[in-house]
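Encoded as structure tokens, the structure appears first; notes follow it.
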Amino acid sequence: MYYLNQLSLVCPLGATPDAVAARLFAGDSGLVCRDSYSPGRPLPIGAVDDALPALDGWPRPLQSRNNRLTLAAALPLAPAVEAVIARHGSERVAVVIGTSTSGIAEGEAAMQHHARHGTLPERFHYGQQELMSPAAFLARHFGARGPALAHSAACASSAKAMAAAARLLKLGVADAVITGGVDSLCAFTIAGFCALDSVSSQRCTPLSARRAGINIGEAAALFVMSREPARVALTGWGESSDGYHMSAPDPSGNGARIAIEQALARAGLSAADIDYINLHGTATRHNDAMESTVLHALFGDRVAVSSTKPLVGHTLGAAGAIEAAFCWLAMQTDDGRLPPHLWDGEADAELPRLNIAGIGARLGRPIRHALSNSFAFGGANAALVFSRSDA
């Protein structure tokens with residue numbers, strides 16, 4: 001097994017696991033309506049308002065809001081990372097991070113400055129936009145000298161990063177991996193989804209007959225993954241590619257089904273073993289139709305499901321990691337508390353019936369196995385299975 005020994009995160013619900021858990025299980029949404037990234041059109045966004053650490057003194061290519069979010073999540077991990085470096089050596093500690101925006105916001109600001117003044121600002125460096133930046137930043141921050149890499153597969157980025165981290169452990173390339181994902185808000189992604197007519201002007205309502213698109217958010221979630229026993233382990237992962245469309249999922253859901261079935265098989269589980277599913281649940285017409293069809297075919301309406309995107313927004317490259325974090329938090333509870341599904345309750349009669357977990361829902365026993373789905377542009381699909389161990 002590949003255990004998730006330590007979690008640290010920062011998201012619209014807070015900057016510590018305890019703070020996030022309190023708001024998560026209460027169904028207290030962190031979305032706020034602003035036009036900061038969509039001038040003249042206020043939209044609900046999942047912004048991190050907690051103060052972020054500065055990067056003064058760091059090389060300019062590593063200075064970005066994305067890396068400030070990364071550092072905010074990294075600082076509480078220091079004792080755990082120091083311990084694994086002391087135990088295994090720095091060359092045996094790897095970094096695998098998912099991201100899709102990296103420092104795009106800094107590039108946007110630089111272009112605005114250029115439009116006004118004819119020159120790029122002194123503090124701008126093209127390297128701020130490099131997708132490898134958060135992985136390089138973390139490796140340098142912690143002094144980890146094992147492999148350092150970044151995955152960028154749109155909304156499946158950090159789920160794929162966590163699968164890659166497990167593979168490094170399986171191959172014996174590393175003894176511990178700092179893994180997860182980070183993405184920061186920027187105008188580019190919001191404008192892009194608006195151009196696709198996929199952004200809701202209200203809080204998103206996954207699975208609703210009235211669903212009208214996504215809300216975008218930002219977050220960073222990091223784990224220390226190793227073979228050292230802990231309560232929660234990543235026991236299965238599956239990945240596939242639809243090759244169907246640049247932005248729309250295959251309506252049949254065949255690629256999503258393959259990823260889920262691979263994850264279950266790798267974990268040695270059947271569909272009947274899963275207690276909770278964290279939906280990709282974007283609240284777009286096509287995603288919700290595809291995902292609910294696949295899940296009903298595999299699981300029926302027995303297993304509890306929820307989308308946590310109405311709580312923090314769709315955090316894009318960080319979504320797989322932040323939703324893995326929500327599963328991790330739920331699996332720490334002995335009464336099986338479930339992340340709630342916030343929506344208007346107006347079920348879409350055209351979608352198969354699912355067992356939607358409301359506010360306050362719990363199993364009355366620990367969650368044994370949870371599944372988390374991430375489905376991305378370009379047909380990139382990833383599914384992760386987490387299992388509880390009381391070792």
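With Cβ to Cβ distances under 13 Å as the rule, what net charge do the other residues near Ala191 carry (K, R +1; D, E -1)?
Around Ala191, the surrounding residues sum to -2.
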State, as an integer percentage, the relative contact order of region 318-385 based on alpha-carbon contacts under 8 Å between residues 6 or more apart. 34
Counting only other residues whose beta carbon sits under 10 Å from that of Cys11, what net charge do I get with K and R as +1, D and E as -1? -1
Place the peptides 283-290, 233-240, 158-165 in order of packing, highest mean first, counting for every residue the other Cβ atoms within 10 Å and averaging per peptide. 158-165, 233-240, 283-290
Choose one answer from Leu264, Leu169, Leu363: the residue with the largest mean-square fluctuation in a GNM of the chain with alpha-carbon springs under 10 Å. Leu363
Taking N as the number of residues in region 177-325, the ratio of its alpha carbon radius of gyration to 2.2 N^0.38 Å works out to 1.08
Label point 7 Å out from Ala271 along Cα-to-Cβ: which residues of region 287-305 have amide N under 11 Å? 293-303
Net +/- balance of residues flanking Thr70 in space, Cβ distance below 15 Å, scoring K and R +1, D and E -1: -2
Go through Ser208, Leu31, Leu13 and say which Cα lies farthest out towards the positive end of the charge dipole of the chain; charges sit on Cβ, +1 for Lys and Arg, -1 for Asp and Glu. Leu13
Suppose we keep just the DSSP beta bridges with both residues in the chain; what percent of those would be antiparallel, to 5? 65
What's the exposure ranking of His114, His125, His280, going from fewest to most Cβ atoms within 10 Å? His114, His125, His280
Based only on Cα atoms, what Rg/Rh ratio does the chain have, Rh being taken as Kirkwood's radius? 0.95
For the chain, whose charge dipole is built from +1 on Lys and Arg Cβ atoms and -1 on Asp and Glu Cβ atoms, the candidate among Ala219, Val95, Val294 with its Cα farthest towards the positive end is Val95
With springs only between Cα atoms under 10 Å, which of Arg257, Arg41, Arg302 fluctuates most in a Gaussian network model of the chain? Arg41
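No value in this document is a laboratory result; all are computed from the given coordinates. For clarity, every value in this text was computed on a predicted model and none was experimentally measured. No Cβ is skipped: glycine too gets one built from the backbone with ideal geometry, and neighbour counts run over all protein chains shown.
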